[in-house]
Amino acid sequence: MAVLGTRSRLYPDSARLMGWDVRETGLRIVLGADVPDLVEANVRADVDEFLAGHEMVRGDVAFWVAHPGGPKVLEALQSSLDVDREALRLTWNSLERVGNLSSASVLHVLADTLRERPPAAGSRGVLLAMGPGFCLECVLLEAR
């Protein structure tokens, strides 16, 4: 798998939407109820702009590797990207099997993709992770 490009987007005024509070007893997750709405309202345009920079459109994407941010977030992601549940099947499976392990859980989905549905050589896919702040990380991958 080769990385062809990356893009990061930090959404303004989203510091309390997703993140961590540091407390005497450890870390406590901050997860606002508006995360799915933010995903649905913004991800499509951000992914489209990212892909356009590589002379691609969403229809050119052969595989999706997404952070399993929870059922409502995944539904919003499907809607925003205009893909069906099957396109994110391995993400849904990961959510059911190991849960949401924060943004690093996308690496579990990538491992599952390589093991269970290895993309054809030369095909391109997009890895998407969401994290504190609220931010979106996009990675354009090419199977080798």
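Among the residues of the stretch 17-34, not a single one is closer than 19 Å to GLU142 by Cα and either acidic (Asp, Glu) or surrounded by 12 or more Cβ atoms within 10 Å (Cβ to Cβ) (or both).
The test for being surrounded by 15 or more Cβ atoms within 10 Å (Cβ to Cβ), closer than 12 Å to VAL65 by Cβ and either hydroxyl-bearing (Ser, Thr, Tyr) or at pLDDT 95 or above (or both) holds for LEU110. Looking at GLU55, GLU40, GLU75, just one residue is in contact with a Ser or Thr (Cβ under 7 Å, 6 or more places away or on another chain), among the acidic types (Asp, Glu) and either within 17 Å of VAL126 (Cα to Cα) or surrounded by 13 or more Cβ atoms within 10 Å (Cβ to Cβ) (or both), and that residue is GLU40. For the stretch 20-67, give me the residue count where each residue is basic (Lys, Arg) and in contact with a helix residue (DSSP H, G or I) (Cβ under 7 Å, 6 or more places away or on another chain). Residues flagged as basic (Lys, Arg) and in contact with a helix residue (DSSP H, G or I) (Cβ under 7 Å, 6 or more places away or on another chain) within the stretch 20-67 amount to 2.
Which of the residues spanning the stretch 45-76 are assigned to a helix (DSSP H, G or I), out of contact with any strand residue (DSSP E or B) (no Cβ under 6 Å at 6 or more places or on another chain) and of a type in the set (A, V, I, L, M, F, W, C)?
ALA45, VAL47, LEU51, ALA52, VAL73, LEU74, ALA76
Scanning the stretch 58-72 for residues that are surrounded by 14 or more Cβ atoms within 10 Å (Cβ to Cβ) and without any contact (Cβ under 8 Å) to a residue 40 or more places away in the chain gives ARG58, GLY70, LYS72. When each of ARG58, ARG16, ARG28 is tested for being farther than 21 Å from PRO132 by Cα and of a type in the set (Lys, Arg), the lone residue that passes is ARG58. Check the stretch 110-132 and report whether any residue there is assigned to a helix (DSSP H, G or I), closer than 22 Å to LEU4 by Cα, out of contact with any Leu (no Cβ under 6 Å at 6 or more places or on another chain) and without any contact (Cβ under 8 Å) to a residue 24 or more places away in the chain. Among the residues of the stretch 110-132, at least one is assigned to a helix (DSSP H, G or I), closer than 22 Å to LEU4 by Cα, out of contact with any Leu (no Cβ under 6 Å at 6 or more places or on another chain) and without any contact (Cβ under 8 Å) to a residue 24 or more places away in the chain, which makes the answer yes.
Residues considered: ALA41, ALA15, ALA33, ALA87. Of these, the only one that is at pLDDT below 95 and assigned to a helix (DSSP H, G or I) is ALA41.
The values are calculated or read from the model by the stated rules, or taken from the named source; none is laboratory data. This structure is a prediction, so every number in the text was calculated from the model and none was measured. Counting neighbours? That spans all protein chains shown, and the Cβs are built from the backbone with ideal geometry, glycine included.
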